[in-house]
1. Of the listed pairs LYS119/LYS185; LYS46/LYS198; LYS46/LYS187; LYS44/LYS119; LYS46/LYS197, which have alpha-carbon separations greater than 25 Å here?
2. So what's the convex hull volume per residue for the Cα atoms of the range 101-180, in Å³?
3. Going by the alpha-carbon gyration tensor, a ≥ b ≥ c the square roots of its eigenvalues, is the range 16-60 rounded (a/c under 1.5) or, if a/c is not under 1.5, prolate (a/b greater than b/c) versus oblate?
4. At GLU113 and LYS198, where each label point lies 7 Å from the Cα along Cα→Cβ, what is the point-to-point distance in nanometres?
Amino acid sequence: MTAADSAPAGDSPPAADSPPTDDPRPGGMRVAKSLVLVNTGDGKGKSSAAFGMVLRARARGWPVAVVQFLKSDDWVTGEQLMAEPLGVDFWSLGEGFTWDSDDLTRDEAEAREAWRHGKAVVEAGEHRLVVFDEITYPLNWGWIDAAEVEATFRNRPEGVSLVLTGRDAPGWMIELADTATEMVKAKHAYDAGILAKKGIDF
């Protein structure tokens, strides 16, 4: 017996029991010159989703740039190993996890340098997609000027799309976004004491 069979007379079956037949798209659809996408929340997948868009954009021949905050260039992540041969301009300008740092002032300086570089990339308008991976952390810690970041993103050249990742995206970033996704953690291997796995997490 299905849920529909057991539903009281007059009740509609749950939406998941049947495929939608009405077109859910709003009227007046249009093509945007660029988009801002935000991946936030405490679940896994924020950066992974961003790099899925990097691959998609490169497949379409778009010039793509990635600026990573926090992740150290010494790590040589899987995404960097794949992105660079595809012609993605890739900068990892972080110092790694802050809890491993013996000098947070150096980490802050690295974050500011990463932002200076990323700002210049956006303003040059030469890349159709620019990813700012984990930018919310230096923003929320006050390491980079939020007003300057917001103004740069709002006033970007019209053909430059942005992907912004990290937990606790500020309200202005959510408001600016055309698409904002919150990754929710239902379960994570790390909570069970399992280390990040090469090929899965980096």
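Bear in mind these aren't lab numbers, they're just calculated from the coordinates by the rules spelled out. Please read all numbers here as calculations on a predicted model, not as lab measurements. Cβ placement follows ideal geometry from the backbone for every residue including glycine, while neighbour counts extend to all protein chains displayed.
1. From LYS119/LYS185; LYS46/LYS198; LYS46/LYS187; LYS44/LYS119; LYS46/LYS197, over 25 Å: LYS119/LYS185; LYS44/LYS119.
2. On the way: hull volume 7.0 nm³, N = 80.
Once divided by residue count, the hull of the range 101-180 is 87 Å³.
3. Values: a/c = 2.10, a/b = 1.33, b/c = 1.58.
Oblate is the answer for the range 16-60, as a/c is 1.5 or above yet b/c matches or exceeds a/b.
4. According to this spin-label approximation, the distance is 2.6 nm.
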